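Let me begin by presenting the structure, written as structure tokens, before commenting on it.
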Amino acid sequence: MSRVITASLLALGWVVLLAARAAGDELEAAAGAMSASMPAAPATEAPEKPEAAAPELTLANYKMEVLMIAAAAGLVANYFYGSRKNAELASVWERPIADVLQANFST
């Protein structure tokens, strides 16, 4: 059981690291695009607003969202797996002392 928990924690850690890396890449790309689109203009002239082109819709644009959905799915799966294992452990613990508990705590 501890191997499963360790493996799931390692997997979630990798997902977080990948998400952080993807966020960093997106921020660097956005900063580079902003500095490239802003030409140096004289202080006396008003800068012209460039026409904003529609972004290309690809799966690469949604890396962060895909990673967060994967992390959420991992957390939900880990929750249900842990709940089932906990219920099994509780029932194994309860079986030998069920008669004693029934005798002492029933009304």
Quick one: what are the phi-derived ³J(HN,Hα) couplings along region 50-55, Karplus 6.51/-1.76/1.60 with θ = phi - 60°, whole Hz, x for glycine and proline? x, 5, 7, 7, 5, x
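Please sort 51-60, 88-97 by packing, taking for each peptide the average over its residues of neighbouring beta carbons within 10 angstrom, highest first. Don't skip to the end; give the middle numbers.
Details: 51-60: 7.1, 88-97: 9.7.
Per-residue Cβ counts within 10 Å, averaged per peptide and sorted highest first, yield 88-97, 51-60.
Leaving ligands, DNA and RNA out of it, rank ARG21, ARG3 by accessible area with a 1.4 Å probe, largest first. List each step's numbers first, then the result.
Working: ARG21 165, ARG3 200 Å².
Ranking ARG21, ARG3 by accessible area, largest first, yields ARG3, ARG21.
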Give the ranking of SER2, SER83 by solvent-accessible surface, highest area first, calculated with a 1.4 Å probe. SER2, SER83
Could you state how much accessible area TYR79 has, in square angstrom rounded to the nearest 10, with a 1.4 Å probe and all protein chains kept in place? 140
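The values are calculated or read from the model by the stated rules, or taken from the named source; none is laboratory data. Quick caveat: nothing in here was measured; it's all calculated off a predicted structure. Cβ: placed from backbone, ideal geometry, glycine included. Neighbour counts: every protein chain shown. Just so you know, the surface numbers come from the protein's heavy atoms only, side chains and all, with ligands and any DNA or RNA stripped out. Shrake-Rupley method; radii C 1.70, N 1.55, O 1.52, S 1.80 Å.
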